[in-house]
Amino acid sequence: MTEMAALETLRQLMPPTAVSDTVTDWDLMGQSWGKGFPSDYRHFIESYGAGTIENSFGVLRPEPRGAEPGPDEMLMETVNAQDAWARGEPKSPELAGTSPELIAWGVDSSSDIVCWDASGSDPDAWPVLVRSRGDNLWSRYDCGMAEFLVRVLRADFPACPLSDLSLWGRHPAVFLNRQEEQRLSKAGLDPWTGEPDPYAGMFGD
């Protein structure tokens with residue numbers, strides 16, 4: 001599946017709910033990381049923004065190296081992934097003896113970290129690596145970010161690659177970027193059900 005085909009399929013399975021709220025200087029990103037980023041991720045951020053799928057899976061906001069890392073964002077989760085790999089956690093057979101260059105792009109509510117192996121010269125060919133907290137195991141998936149999400153939403157892997165099963169076979173799925181989630185909450189609604197919520201907005205952004 002090409003990157004553009006995967007993105008179009010993803011839009012059908014998970015239609016954007018609002019315009020992207022994430023403005024990114026991709027030239028600065030490339031300079032600071034020393035490499036470009038996959039086209040499907042760039043288009044996802046430009047179309048959807050950073051945010052959350054079904055209140056269970058977060059797509060991380062792109063951050064240039066040297067920026068102040070935000071909680072649950074690309075820089076911090078990349079460090080967490082690198083630390084987990086360095087601890088020698090178990091790995092699936094195809095990862096035995098490898099030394100990937102990890103960049104995190106997603107996390108889920110079970111504390112799984114979803115990364116690219118960015119060691120290759122072509123960002124659109126970077127495979128997805130998942131550090132499953134539930135299985136305490138690293139696994140590789142030979143597809144890009146958008147195709148990975150499509151295959152999770154379609155339950156199209158032999159088994160769910162994530163510890164949290166909330167997205168497994170779940171479509172249509174709802175994605176909310178940060179701004180849209182906050183807007184709904186401030187309007188007194190539960191962002192994930194659309195129902196009135198007397199507690200919405202009480203605890204800030």
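About its Cα centre, what dipole magnitude does the chain give when the only charges are +1 on Lys and Arg Cβ and -1 on Asp and Glu Cβ, stated in debye to the nearest 20?
So the magnitude is around 200 debye.
Under 11 Å from the Cβ of residue 107, count the other residues' Cβ atoms, weight Lys and Arg +1, Asp and Glu -1, and hand me the total.
On the way: positive: 131, 133; negative: 72, 73, 77, 108, 112, 164.
Within the 11 Å Cβ shell, the charges total -4.
Please order 110, 163, 99 by the number of other Cβ within 10 Å, starting at the fewest.
Details: 110 15, 163 18, 99 9.
Listed from fewest to most nearby Cβ atoms, that is 99, 110, 163.
To the nearest 20 Debye, how big is the dipole of region 105-193 about its Cα centre, given +1 on the beta carbon of each Lys and Arg and -1 on that of each Asp and Glu?
On the way: 9 positive and 13 negative charges, 57 e Å.
Once rounded to the nearest 20, the dipole reads 280 debye.
Quick one: Kirkwood hydrodynamic radius for region 3-186, alpha-carbon pairs, angstrom, one decimal?
For region 3-186, the Kirkwood estimate is 16.5 Å.
Cα-based Rg (one decimal) and Dmax (whole number) for region 26-83, in Å?
11.7, 33
Every number here is computed from the coordinates shown, using simple stated rules; none is lab data. This is a predicted model, so every value here is computed, not measured. Neighbour counts are summed over all protein chains in view; Cβ atoms, including those assigned to glycine, are modelled from backbone coordinates with ideal geometry.
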